[in-house]
Amino acid sequence: MPGLHRVGEVFVLDLGDTENRLHPDWLREVNQALDRVESTEGPRALVTTAGGKFWSNGLDLDWIGQHPDQLNEHVAEVHDLLARMLALPVPTVAALQGHAFAAGAMLALAHDFRVMRGDRGFFCLPEVDIHIPFTPGMSALIQAKLSPKAAHEAMTTGRRYPGPAALQAHIVDATADADKVLDVALELAGPLTGKPPATLGVIKQRMYPAALDALRDRTANAFGPA
């Protein structure tokens with residue numbers, strides 16, 4: 001399960017060392033960690049990392065298959081997390097030490113910056129290949145964070161981007177060796193810890209109003225196979 005600790009003024013949220021799928025219990029732990037980050041006074045930033053092969057492998061489709069009556073509520077909670085991260089009033093950096101797939105890739109995009117391992121691991125939005133159309137909220141988030149060309153390619157082809165290709169497409173902001181991904185993310189977050197949260201939060205809200213509105217629209221975000 002996710003855990004939170006501090007390195008100086010930077011909070012480090014560790015998503016776990018499995019596939020880190022967006023299970024309801026996992027979502028609850030992540031939100032509790034974000035509660036702590038938001039409620040802490042003084043300079044701060046957030047780096048989100050993980051252990052093992054995956055940063056996050058997206059929605060927990062096994063759980064969804066076993067709880068079809070809770071699908072809409074669960075997907076709404078996922079959208080709420082994406083919106084929360086997108087507008088979080090502290091600087092955020094995703095340290096992608098492993099694969100970021102589907103909703104996991106979207107969670108990475110909801111961060112302000114991304115650092116990706118350069119030699120192994122993929123960023124991928126595979127929805128077109130698994131017959132699951134993006135919700136309006138997901139589409140709005142991806143298109144708000146990627147260039148039109150990168151968003152079109154990533155969303156319509158399901159391309160798996162290794163680190164260098166993700167950097168070239170401006171999906172990530174830096175690449176690093178496997179043992180340096182977290183260090184580079186911390187170096188990126190450290191100088192940003194003094195940004196005033198109230199002001200930063202308003203700036204993010206006004207930068208991404210369409211994406212935030214779309215993610216928070218519980219009636220429009222039906223989810224399921226085509």
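The values are calculated or read from the model by the stated rules, or taken from the named source; none is laboratory data. Please read these numbers as outputs of a predicted model, since none were measured by experiment. No Cβ is skipped: glycine too gets one built from the backbone with ideal geometry, and neighbour counts run over all protein chains shown. Surface areas here come from the heavy atoms of the whole protein model, side chains and all, with no ligands, DNA or RNA. Shrake-Rupley method; radii C 1.70, N 1.55, O 1.52, S 1.80 Å.
Select from the stretch 105-123 the residues that are of a type outside the set (A, V, I, L, M) and within 28 Å of V202 (Cβ to Cβ) and write down the one among them that is surrounded by the fewest Cβ atoms within 10 Å (Cβ to Cβ). Only one residue fits best here, namely F113.
Scanning the stretch 120-137 for residues that are part of a loop (DSSP other than H, G, I, E, B) and within 12 Å of F54 (Cβ to Cβ), we see that the one that is modelled with the lowest pLDDT is R120. Across the stretch 83-100, the number of residues qualifying as among the hydrophobic types (A, V, I, L, M, F, W, C), more than 24 Å from P43 (Cβ to Cβ) and crowded, with 24+ Cβ neighbours inside 10 Å comes to 2. Of all positions in the stretch 209-225, at least one carries a residue that is under 22 Å from R84 (Cβ atoms), open to solvent by 60 Å² or more (accessible area, probe 1.4 Å), not in a helix (DSSP H, G or I) and not charged (D, E, K, R). Note on the stretch 177-186: residues that are farther than 16 Å from F54 by Cα and either open to solvent by less than 30 Å² (accessible area, probe 1.4 Å) or not in a helix (DSSP H, G or I) (or both) amount to 1. Only residues that are open to solvent by 60 Å² or more (accessible area, probe 1.4 Å) and farther than 23 Å from G58 by Cα were counted across the stretch 6-20, and they come to 4.
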